[in-house]
Amino acid sequence: MMESHNYSKVLCQSSGPWVVDLARPVMDKYPVRVLRKPAKTLVMIRMRETVAKAQFYLGEMLACEAMVELEGKKGFALMMGDDTQKVMAAAVVDALRKTDLPEKEPVLRALEQRKQELEKEQQQDIARHARSKVQFETLDVSY
Amino acid sequence: MGYVAVTGGQEAIDASIELLRDYRSRGDVPVDLTALRDRMGLLIDRIMSEAGLYAPDYAALALKQCEGSPEEAVFLLRAYRSTLQRNYTSCTVDGSQMHLRRRISSAFKDIPGGQQLGATYDYVHRLLDFSLEQENEEEVQSWKEQFRAETEETQALSDQAPRVLDLLRQEGLLEQVEEDTSEPCDITMEKLPLPAPRSAILQTLTRADTGFVSGLAYSDIRGFGMSHPTIGELRYGWLDIEVDSPVEEGERIYVGAVDITEVEGLMGSRPGSSGIGVGYGCVMGRNDTKAIAMAVLDHALTLKDTGPTSDMEFVLLHGDCLEMNGFISHLKLPHYVTFQSKLDGLRNQKRSMGHDEEK
């Protein structure tokens, strides 16, 4: 079973329509209480550099957040970009995985499958870039 | 200096704004935002870095709105950013966690994990490609499909690697710098303190205008400073950004991935030091030059030198895209009263000199 941290990664990396389709059966069937309306926000990126290991702020990223309640369980999502429908659907999925509703298992299976697809795409991207690995040779010629 | 307000000209200003719209809609081919975002990636990266806001879609929108002017686009993004609430700060990320797509070293031929050129203009001929004038999108997509199909399926490749300079650190060959454990200063929330703490220096440089940072670093290397840099490592890729979950204690939430270019520059030894000094550069997006230049300036600011690049106030207070362009730009606006006052002063001076001569 996928670790809880990875749910948000799969949802974030998937397209908006895919996430909305995933949550739609739940949203259509059960009452979803909106605790925090989908809204844009900023996330400041905190980094650590290497010279003095000091932390500094690199800049902000635009993100969207939403919080819902489903069957007494809170669901939360925060995602880069401004897709309010996607973040709302992701919050519902987050709440769903904490419930015992029958829709939970098929959704988790879909997330697991999507995770594998994303990993495959990532591996292909890594392999494409790996073709540009270079081995420079020094010559016995000096200028 | 005092300022005097002016009024009037509303109709002319309205007409000017209409003209802007007319200029922006020249020709009959609209600018597609998705194409702008996806195929002008380096420009989008530069705008986001200088605005200090990672928002590729909005950077494209800003560029469309202002006819591709980087300074106006940065202004638009900064202005928009100021309307939003910042509810989160990410968990601390480190360049060593980067998912690498490019990684080079000009100091070492062989590095653990290997050098990877990635997508770079370093080795292309700078010749105009006239075939792009007749570029056919179907052919582009067909080429892309073929290019991607050529990639061999291999078993679980890693896209992370240790830093090159860690080897020198382990050997004790790098300059010992005292660890800075202070809370970072945020120059978007408070006035830049001088002398600036390290966090404020890095935040200021990473947001600075690419041209300003590059020009200053060039001047430093050319002889107005003390740097003789060698790139220990330049890495480009993306970092996973996470925040602590507000609903599940101890859990983290994945927010997205941010493209980053990070540089560790070997700057030579300073007098009395037993190790090689390192300069650090890190910028949003794909921008080798800015990251290298930032590393040069980061190190220059630690030197007790009389050159301009070691003058903290000079370097940190003049490179912000919005501030520098805003100040230069304001010179175009009415200064009638101040200039008339200068003329009055000069006329009075001439009059009194003539009066003296008559005497």
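Listed values, structure above:
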| quantity | calculated |
| --- | --- |
| Of residues in the range A:74-90 being touching an Asp or Glu at 6+ places or on another chain (Cβ under 9 Å) and more than 30 Å from B:Met189 (Cα to Cα), the one most open to solvent (accessible area, probe 1.4 Å) | A:Lys74 |
| Verdict on B:Glu67 being in contact with a helix residue (DSSP H, G or I) (Cβ under 8 Å, 6 or more places away or on another chain) and more than 12 Å from chain A (Cβ to nearest Cβ) | yes |
| Some residue of the range B:133-146 being more than 24 Å from the chain's Cα centre (by Cα) and within 12 Å of chain A (Cβ to nearest Cβ) | yes |
| Selected residue (only one of B:Leu157, B:Leu205, B:Leu192, B:Leu127 is under 20 Å from B:Glu262 (Cβ atoms) and either surrounded by 12 or more Cβ atoms within 10 Å (Cβ to Cβ) or out of contact with any Ser or Thr (no Cβ under 7 Å at 6 or more places or on another chain) (or both)) | B:Leu205 |
| Sole residue being part of a helix (DSSP H, G or I), under 22 Å from A:Ser132 (Cα atoms) and free of Cβ contacts under 8 Å to residues at least 60 places away in the same chain, chosen from B:Arg169, B:Arg148 | B:Arg148 |
| Index of the failed condition, B:Glu179 passing every other in (1) more than 25 Å from the chain's Cα centre (by Cα); (2) in a helix (DSSP H, G or I); (3) closer than 22 Å to A:Phe56 by Cα | (2) |
| Top-ranked residue in the range B:279-315 [being under 14 Å from the mean Cα position of the chain (by Cα) and open to solvent by 10 Å² or more (accessible area, probe 1.4 Å); ranked as farthest from B:Ala59 (Cα to Cα)] | B:Ile292 |
| Residue within the range A:97-107 that is under 22 Å from A:Gln13 (Cβ atoms), under 16 Å from the mean Cα position of the chain (by Cα), open to solvent by 60 Å² or more (accessible area, probe 1.4 Å) and at pLDDT 95 or above present | no |
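Residues checked against (1) among the polar types (S, T, N, Q); (2) open to solvent by less than 70 Å² (accessible area, probe 1.4 Å):
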| residue | (1), (2) |
| --- | --- |
| B:Val6 | no, no |
| B:Glu18 | no, no |
| B:Ser25 | yes, no |
| B:Val29 | no, no |
| B:Tyr58 | no, yes |
| B:Gln65 | yes, no |
| B:Ala73 | no, yes |
| B:Gln85 | yes, no |
| B:Ser96 | yes, yes |
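Residues checked against (1) among the charged types (D, E, K, R); (2) within 29 Å of B:Pro334 (Cα to Cα); (3) surrounded by fewer than 17 Cβ atoms within 10 Å (Cβ to Cβ):
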site	(1), (2), (3)
B:Ala12	no, yes, yes
B:Leu42	no, no, yes
B:Gly52	no, no, no
B:Ser82	no, yes, yes
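The values are calculated or read from the model by the stated rules, or taken from the named source; none is laboratory data. Nothing here was measured: the structure is a model prediction, and the numbers come from that model. Positions of Cβ are backbone-derived with ideal geometry, glycine not excepted, and every protein chain shown enters the neighbour counts. Just the protein is used for accessible areas: all its heavy atoms, side chains included, with ligands, DNA and RNA removed. Shrake-Rupley method; radii C 1.70, N 1.55, O 1.52, S 1.80 Å.
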